[in-house]
Amino acid sequence: MRLLLVEDDVMVGKSLQRGLLQAGFSVDWVRDGRQAELALGHRLHDLAILDLGLPQVDGMQLLKTLRDRGDGMPVLIASARDTVRDKIAGLEAGADDYVLKPFDLDELIARVRALLRRHAGSGSPLLRCGALVLDPAKRVVSLDGHPIELSAREFGLLEALMLRPGTVISKEKLEESLYGWGEEIASNAVEVHVHNLRRKLGAERIRNVRGVGYRVSEV
């Protein structure tokens, strides 16, 4: 899943980006409100982690702009503004969650995953499609109870499909979920990952809807 990190503190940003990458997310990091406005305008991300005290455009204004245009992307505020009034203001402006700095990285990652599940309409920490089970936190996949070894990209693609079971997702959207800014993407990258998943999970597990995209199937 592809995240937008909006954080002007370099030390915090580097640490958080590194931790999120290690947790399996693709992360684009911007350091001021103007860059964040441009990034949010492209609608490429599955979730935003938003600081409030930003240069150029305040985080609260960014959130208000996002919600005013009807964008329901999950937003997690990570801020040092610690009064009850600040928290209420952030949540009422449209944030889905609010964590205080300094925060525990593992807790923040767990909150990110919970928001992504909630946005996809699932309350379970495990993603299931028939006999196929994916654990985003432990980054393991099993089929009929047997563990399946996947590469990081294969896991990311399968997770994107299983978060929306039955939904056809375009090749372009899958690319956006898997790759961040500046990463080189081969023209057939998604097809290669799908081929490898079919080899490991069975040819019918990932269905192609010609001219539209891919979906995961219970078979």
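Structure notes:
- Heavy-atom accessible area per residue - segment 21-134, 1.4 Å, Å²: 48
- Applying the criteria of a DSSP loop state and at most 15 other Cβ atoms within 10 Å to the trypsin sites (Lys or Arg not before Pro) of segment 27-68 yields 43.
- Taking label positions 7 Å along the Cα-Cβ direction at both residue 56 and residue 185, the computed distance is 2.3 nm, reported to one decimal.
- Our coupling estimate for segment 93-106, obtained by passing each phi through the Karplus curve with A = 6.51, B = -1.76, C = 1.60 and θ = phi - 60°, is 6, x, 5, 8, 7, 8, 10, 9, 7, x, 10, 7, 4, 4 Hz, Gly and Pro reported as x.
- Phi-based couplings in Hz for segment 70-75 (Karplus 6.51, -1.76, 1.60; Gly and Pro marked x): x, 7, x, 3, x, 10
- Rounded percent of accessible protein surface that carbon and sulfur make up, the chain, 1.4 Å probe: 50
- On Cα atoms only, tilt of 59-68 relative to the major axis of the chain in degrees: 60
- Each principal axis of the Cα atoms in segment 117-219 has its own extent, and those three values, largest first, are 34, 28, 24 angstrom.
- For segment 51-156, the alpha-carbon coordinates run over 49, 31, 24 Å along the three principal axes, in decreasing order.
- Relative intensity, log₁₀ I(q)/I(0), of the chain from a Debye sum that treats every alpha carbon as a point, q = 0.09, 0.13 Å⁻¹: -0.37, -0.76
- Estimated from the Cβ-Cβ distance and a Förster radius of 35 angstrom, the FRET efficiency linking residue 107 and residue 210 is about 0.20.
- Dividing the Cα radius of gyration of segment 168-219 by its Kirkwood radius returns 0.98 for Rg/Rh.
- Here the sum of -39500 (n - 2.57) over DSSP H runs of 4 or more residues, divided by the residues of the chain, equals -12000 deg cm²/dmol at 222 nm, to the nearest 500.
- Backbone HN-Hα couplings from phi across segment 51-56 [Karplus 6.51/-1.76/1.60, Hz, Gly and Pro as x]: 7, 9, x, 10, x, 6
- Sequence-distant residues sharing a close amide H with residue 168 (under 5 Å, placed H): none
- Gap separating the Cα centres of segment 159-219 and segment 1-22, nearest whole Å: 25
- Selected from 83, 65, 167 as most flexible by GNM, with the chain as the system and alpha-carbon contacts under 10 Å: 83
- For segment 162-219, the solvent-accessible area with a 1.4 angstrom probe is 56 square angstrom per residue.
- The overall shape of segment 106-177 is rounded: from the C-alpha gyration tensor, with semi-axes ordered a ≥ b ≥ c, the ratio a/c is less than 1.5.
- Taking the Kirkwood radius as Rh and the Cα radius of gyration as Rg, segment 11-71 has a ratio of Rg/Rh equal to 0.97.
- Averaging the sequence gap over all C-alpha pairs within less than 8 Å and six or more residues apart, then dividing by the number of residues, gives segment 45-110 a relative contact order of 33 percent.
- Choice from 206, 77, 148 showing the highest fluctuation, given a GNM over the chain with Cα pairs closer than 10 Å: 148
The values are calculated or read from the model by the stated rules, or taken from the named source; none is laboratory data. If you're wondering where the values come from, they're calculated on a predicted model, not measured in any experiment. A quick note on method: Cβ atoms are made from the backbone with ideal geometry, for glycine too, and the neighbour counts reach across all protein chains shown. Side chains are part of the model used for accessible areas, which takes the heavy atoms of the whole protein and leaves out ligands, DNA and RNA. Shrake-Rupley method; radii C 1.70, N 1.55, O 1.52, S 1.80 Å.
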